[in-house]
Amino acid sequence: NTLYGREVPSIIYRCLSFLISSGAIFQEGLFRLNGSASLIKQLREDFDKQHDIDFNEMDPKPDINSIAGLLKLYLRELPSSILTRKFYPEFRDAYNQKTDPSQLSLIFRTITQKLPEVNQSLLYVLFKFLNEVIENQESNKMNLRNLCIVFSPTLNIASEVIIPFLVDFKC
């Protein structure tokens, strides 16, 4: 499935497409408010069996917070870091060397280009969406700091490594 011009797993495509079409980026509490634990569990089981579910065809449609919860669950349970065990230390070291922020983004871009294509695509799609969330922080109350609080443990990546992906996404 293609989102933002990138091939991503169906669960990522379905979750983000649903959140986009539902106007979730304007909803206060996005990624902070818990969805229905039983619905998230059921959707996860359905994806495990069917590999693809269109949330818009469900009756009743699931709520935004449950889909956001399913997305976080999927990301949390990835078998390895989205930045990979091999390259994560390079991202962390680049930050720890107190590199000039404008240079840090260029270094991150260079390291990102070494990642497997599937990881690059997932990073691109996720952080593009999260940038749209930040752009609407007036209504959703999810600024850079709040997204880092949520996604650092979800992705098992230090906040300081997440920040350049959000702040300098266009780089």
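What is the set of long-range amide H partners of MET58 at a cut-off below 5 Å, with H atoms built 1.01 Å from backbone N?
Here nothing satisfies the definition.
How much of the accessible area of region 44-94, in percent, comes from carbon and sulfur atoms when a 1.4 Å probe is used? Intermediate results must be reported in sequence, preceding the final value.
Details: 1340 of 2880 Å².
Accessible surface attributable to carbon and sulfur in region 44-94 totals 47 percent.
From largest to smallest, what semi-axes in whole angstrom does the chain give when each is the square root of 5 times an eigenvalue of its alpha carbon gyration tensor? Present the calculation step by step, with values, prior to reporting the outcome.
On the way: eigenvalues 154, 64, 38 Å².
Equivalent ellipsoid of the chain: 28, 18, 14 Å, largest first.
On average, how much area does the Cα convex hull of region 47-119 cover when viewed from any direction, in nm²?
Numbers: hull surface 28.4 nm².
In nm², the orientation-averaged hull projection of region 47-119 is 7.1.
Which value, in Å², gives the accessible area per residue of region 1-141 when a 1.4 Å probe is used on the protein heavy atoms?
Working: 7580 Å² over 141 residues.
Accessible area per residue: 54 Å².
Using each residue's phi in region 102-110, evaluate 6.51 cos²θ - 1.76 cosθ + 1.60 at θ = phi - 60° and report the 3J(HN,Hα) Karplus result to the nearest Hz, with x for Gly and Pro.
With the stated coefficients, region 102-110 comes to 5, 6, 4, 4, 5, 5, 4, 4, 4 Hz.
Under the Karplus relation 6.51 cos²θ - 1.76 cosθ + 1.60, θ = phi - 60°, what is the ordered set of whole-Hz ³J(HN,Hα) values for region 8-20, x standing for Gly and Pro?
Listing the rounded values in order: 9, x, 4, 5, 5, 4, 5, 5, 5, 4, 5, 5, 5 Hz.
Of the GluC sites (Glu not before Pro) in region 20-127, which ones lie in a loop per DSSP and count no more than 16 other C-beta atoms within 10 Å? Please report the intermediate quantities before stating the final value.
On the way: sites: GLU28, GLU45, GLU57, GLU77, GLU90, GLU117; in loops: GLU28, GLU77.
Those that pass, being in a loop and sparsely packed, are GLU28, GLU77.
Which of the trypsin sites (Lys or Arg not before Pro) found in region 63-117 are loop residues per DSSP with 10 or fewer other Cβ atoms within 10 Å of their Cβ?
Numbers: sites: LYS72, ARG76, ARG85, LYS86, ARG92, LYS98, ARG109, LYS114; in loops: ARG85, LYS86, LYS98, LYS114.
Hits after loop and neighbour filter: ARG85, LYS98.
On average over all directions, what projected area in square nanometres does region 6-61 have, based on the convex hull of its Cα atoms? It would help to have the intermediate numbers written out before the result.
On the way: hull surface 17.7 nm².
Reported value for the Cα convex hull: 4.4 nm².
Quick one: Karplus J couplings for region 78-93, per residue in order, coefficients 6.51, -1.76, 1.60, θ = phi - 60°, nearest Hz, x for Gly and Pro?
4, x, 8, 4, 4, 8, 6, 5, 5, 9, 3, x, 5, 4, 4, 5
The values are calculated or read from the model by the stated rules, or taken from the named source; none is laboratory data. None of the values given here were measured: they were computed from a predicted structure. Cβ: placed from backbone, ideal geometry, glycine included. Neighbour counts: every protein chain shown. Areas reflect the complete protein model, heavy atoms only, side chains present, ligands, DNA and RNA absent. Shrake-Rupley method; radii C 1.70, N 1.55, O 1.52, S 1.80 Å.
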